[in-house]
1. If R0 is 22 Å, what FRET efficiency do you get for B:LYS146 and B:GLU276 from their C-beta distance, rounded to 0.05?
2. Between copies, how far does the label point of B:LYS12 sit from its twins, in nm, shortest first, when each point is 7 Å from Cα along Cα→Cβ?
3. Relative contact order for the stretch B:6-56: what percent, with Cα pairs under 8 Å and sequence separation of 6 or more?
4. Using Cα atoms only, what is the angle between the long axis of helix A:60-74 and the major principal axis of chain A, expressed in degrees (0 to 90) to the nearest 10?
5. Just to confirm the number: angle between the C-alpha axis of helix A:198-211 and the first principal axis of chain A, 0 to 90 degrees, nearest 10?
6. 222 nm [θ] for chain A, helices only, -39500 (n - 2.57) per DSSP H run of 4+, per residue, to 500?
7. D for chain A, whole µm²/s, Stokes-Einstein with Kirkwood Rh over alpha-carbon pairs at 10 °C and 1.306 mPa s: what number?
8. Set Lys and Arg Cβ to +1 and Asp and Glu Cβ to -1, take the dipole of the protein assembly as shown about its Cα centre, and tell me which of B:LEU5, B:THR194, A:VAL153 lies farthest positive.
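Taken together, the values in this text are just the output of simple stated rules run on the coordinates, not laboratory data. For clarity, every value in this text was computed on a predicted model and none was experimentally measured. Here the Cβ positions follow ideal geometry from the backbone for every residue, glycine too, while neighbour counts run over all protein chains shown.
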Number of protein chains: 2
Amino acid sequence: MYSQLWVEEQYKEFLGLRYKVDKVLFSGKSEFQTVDVVETVGHGRMLLNDGYVMVTERDEFIYHDMIAHVPLFVHPNPLKVLIIGGGDGGTAREVLRHSKVESVTMVEIDKMVTDACIEFIPKTAACLSDPRVTLKFEDGVSFVKKTAEKYDVILVDSTDPIGPATPLFNEDFYRDVHAILADDGIVVSQGESTFYEAEMQTKLMQIKNGLFDISMLYQFTNSTYPGGLWAFTYASKGLHPIRDFKADRVVESGLDFEYYNAKMHSSAFSLPTFVEKRLAHLIKE
Amino acid sequence: MYSQLWVEEQYKEFLGLRYKVDKVLFSGKSEFQTVDVVETVGHGRMLLNDGYVMVTERDEFIYHDMIAHVPLFVHPNPLKVLIIGGGDGGTAREVLRHSKVESVTMVEIDKMVTDACIEFIPKTAACLSDPRVTLKFEDGVSFVKKTAEKYDVILVDSTDPIGPATPLFNEDFYRDVHAILADDGIVVSQGESTFYEAEMQTKLMQIKNGLFDISMLYQFTNSTYPGGLWAFTYASKGLHPIRDFKADRVVESGLDFEYYNAKMHSSAFSLPTFVEKRLAHLIKE
């Protein structure tokens, strides 16, 4: 391309985020969604599903650090981890850095996403060849309904509830997640834009509040997610993300992070007043 | 307009943020910069200087809460406050909510900005008619060089260092700021995009580290600032933003905030690891 090439994420009807593109690396249409990988000028390689930015090489460390290390440093013995979604592999990569983890089962509905990332975004997807990983290309909703396994940590690393991920924002799904979560288990889910998706975020908190003993929200800020402020929901059968967090374990792990650290772990649970007011009645700690 | 009307902030060469616009309310060109106020579909009224989004009605509370309340709840007796820049009035509005504050001097280089905000964005600018406010339309750099006053809190609420605000990112300016800061004074400055302006942010920290006894950085996330993660630099002649902060004062003030609260105050000083690594040698606490 010798002309100007840009990709634009259109968010709601009033916002557009445009990224200058060097090269389109992959464009496909699966039975679930469109899948594009582009080489951007400012953010490295970028994955878009249905035109929404999922991952960029430049800032993916923020999301993946925060979805994985918060629960994995709270849980004292996270042997079996289940990832629902997470097709780009970034979440699995961070989970696998924890030496206690014996198995990671990743249930991604759309094989095209993972295949495209293995080929074009090895930064996140190369880890999927790790022998501890079991890849299942199937519907996460039916997987959690039928599996006989129990998991210590479940990470719901889904897209927004407009495409194939829609059923992942329902109570039925979380009832099944609760059933396959070990007695001291933790479940963390992509918790939507605090600023633009308040209703959806509140709904997710309502569901978790009704099912789990502990139900909280924590914040992070990606550079390429619209509106800056974004969240994960944290729920567990008893483990508290701050009271049961031993900061020493982070140092003892010998792991080095780009975003995560013990201070960020706890600080992420401080909520801006407008979020606190909206969610106070749904936070159980 | 019966067609699609959008305004686009072009950030660096690789990023564009587009906002749907209902109506252009004001467009002017001062001797310093272009000034536009538009009514957007998603963010209320929006001020742009030289095409950069300065303020939107929807998310301005985040920036203004964090620039004002962090220093004003640390300083035990903030009587005299100086604002350099801050033409939209939002910073002054939050400062004025503190009953101890006796005077706010606001030195804005560009009268057109303030006039446009008084007319079209009263949400931030209406406060400027408060009798405690002295408005001076002049260059902040010469003001701090010549004034004989001393200030308890100085807030440098500037645009980015590409237009008229460029000299506000120099050591000479901060030498003068240091000279007019009371012995227990605090200075907080707009500290740039943590993600996209790392070099400028580091430079600002270097300057403050060389001149002040305490020099730190704290984070916030606006929805309409590119890259999400944004920062303020905090410097003082001794007051520490966490050790000298009494959370009770927030409750006792009786003030209600949309973003700020005692937990957010302290959490904002937790830095992601990549920021900590870059700035550790410049943080003095």
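1. 0.05
2. 2.6
3. 27
4. Here the helix axis deviates by roughly 10 degrees.
5. Once rounded, the angle reads 30 degrees.
6. For chain A, the value works out to -8000 deg cm²/dmol.
7. Translational diffusion coefficient: 84 µm²/s.
8. About the Cα centre, the residue reaching furthest to the positive side is A:VAL153.
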